[in-house]
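The next block holds one structure in the form of structure tokens; read it before the comments.
Each reported figure results from applying straightforward, stated rules to the coordinates on display, with no laboratory input. Only a predicted model underlies this, so the values are computations on that prediction, with no experimental measurement involved. Note that each Cβ is placed from the backbone with ideal geometry, even for glycine, and that neighbours are counted across all protein chains shown.
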Amino acid sequence: MKIQTTYEECLEVSKEFNEHNDCAVIAVALAGGIPYETSHSLLRELGGRENRKPARYSSVSATLMLIGATEKFLDMEEMKKNNGGRGLTPNNIVPLLDATKTYVAYVKGHVFAVCKGKLEDWSVGRKFKVLQVVEVSR
């Protein structure tokens with residue numbers, strides 16, 4: 001089983017699973033460095049995620065911890081200050097993050113991964129309000 005390393009590769013497997021609303025599955029796979037299939041089954045077992053339904057944010061955290069990842073919540077006020085006081089969006093957080101690290105970011109109803117300085121998601125260029133950013137270490 002090949003570990004998917006990009007959003008596009010995860011999308012291919014997602015199509016094979018006939019999935020949608022699987023942003024948490026993709027974010028966990030990318031941030032955790034595990035195959036999409038493993039992320040999919042862990043989120044179902046841990047968080048009760050049903051196929052084609054969204055997962056709870058707490059399930060993302062629990063799954064990352066189960067696979068041995070540690071999480072560090074970033075200070076959102078400090079990030080906002082570093083962004084000139086402007087609100088944080090998927091469009092502007094990447095330059096504020098360490099390009100050598102991996103993160104999971106939460107917006108209302110959506111979660112995505114930022115891996116090694118690249119936003120791995122369909123929300124590139126969008127202006128959703130980022131609610132929380134978590135550094136993920138393995």
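Table for the structure above
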| item | result |
| --- | --- |
| For the chain, calculated [θ]222 nm from helices alone, where every DSSP H run of n ≥ 4 adds -39500 (n - 2.57) | -10500 deg cm²/dmol |
| Segment Lys81-Lys101, length gained on full extension (0.36 nm per residue, minus Cα span) | 5.1 nm |
| Asn91-Glu8 pseudo-label distance in nm [points 7 Å out on the Cα-to-Cβ vector] | 2.4 nm |
| Answer label for Rg and Dmax of the Cα atoms in Å (calculated), chosen among [x] 15.7, 51; [y] 15.5, 54; [z] 14.1, 44 | [z] |
| Neighbour-count ranking [beta-carbon atoms within 10 angstrom, fewest first] of Phe73, Phe112 | Phe73, Phe112 |
| Anchor Lys127: lysines whose Cα lies under 27 Å away (excluding residues fewer than 8 positions away in-chain) | Lys15, Lys53, Lys72, Lys80, Lys81, Lys101, Lys108, Lys116, Lys118 |
| For Leu88, net neighbour charge (Lys/Arg +1, Asp/Glu -1) across residues whose Cβ lies under 14 Å away | +4 |
